[in-house]
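Below is one structure, written out as structure tokens; the observations come after it.
Quick note: the coordinates plus some simple rules give every number you see, no bench work behind them. The structure presented is a predicted model; accordingly, all values stated were derived computationally and were not measured. Please note: Cβ atoms are built from the backbone with ideal geometry, for glycine as well, and neighbour counts cover all protein chains shown.
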Amino acid sequence: MHTVGTLTRADLAETINRKMGFSRAESLDMVEAILSQMSSALAAGENVKISGFGSFVLRDKKERIGRNPKTGIEVPITPRRVMTFRASQLLKERIAKG
């Protein structure tokens, strides 16, 4: 069921189904509820931290001058809020081990 290189909602629900014994529908509902809660928190301007995994951090970027790479013309880049992910030390160590 796992697509090469991509972990999907269905994959997460399947894992919950197998390991926790919830029905497929309950497992998918649980995944959707977690992702919805995370999305709502981020939309409200809150950072999201998952212990042992990492943090989704919001940052406000100011307006700045950019350059069109094709033409070289300077253009203003509007202010925006961006989200970054910072992996926890535990996750970094697991990734490094392969």
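Ranked highest first by the average count of other Cβ atoms within 10 Å around their residues, in what order do 77-86, 39-48, 22-31 fall? Write out the running numbers ahead of the final one.
Values: 77-86: 10.4, 39-48: 12.2, 22-31: 15.1.
Final packing ranking: 22-31, 39-48, 77-86.
Rounded if a/c is under 1.5, else prolate if a/b is larger than b/c, else oblate: which is the range 54-98, with a ≥ b ≥ c the root eigenvalues of its Cα gyration tensor? Please list the in-between numbers first.
Values: a/c = 6.82, a/b = 2.20, b/c = 3.09.
Since a/c reaches 1.5 but b/c is at least a/b, the shape of the range 54-98 is classed as oblate.
Efficiency by 1/(1 + (r/R0)^6): what FRET value for Ala33 and Ala10, r their Cβ-Cβ distance, R0 = 22 Å, to the nearest 0.05?
Values: r = 15 Å, r/R0 = 0.70.
After rounding to 0.05, the efficiency reads 0.90.
According to the square roots a ≥ b ≥ c of the eigenvalues of the Cα gyration tensor, what is the shape class of the range 1-45, taking rounded for a/c under 1.5, prolate for a/b larger than b/c otherwise, and oblate for the remainder? Present the calculation step by step, with values, prior to reporting the outcome.
On the way: a/c = 3.46, a/b = 1.49, b/c = 2.33.
Oblate, because a/c is 1.5 or more while a/b does not exceed b/c.
If you wrap a convex hull around the Cα atoms of the chain, how much volume per residue is inside, in Å³?
Working: hull volume 17.5 nm³, N = 98.
Given the Cα convex hull of the chain, per-residue volume reads 179 Å³.
Strictly over 30 Å apart at the Cα level, which of Lys19/Lys49; Lys61/Lys92; Lys19/Lys61 would you flag in this model? Provide the component values of the computation, followed by the final result.
Numbers: Lys19/Lys49 24 Å; Lys61/Lys92 26 Å; Lys19/Lys61 42 Å.
As for pairs spanning more than 30 Å Cα to Cα, those are Lys19/Lys61.
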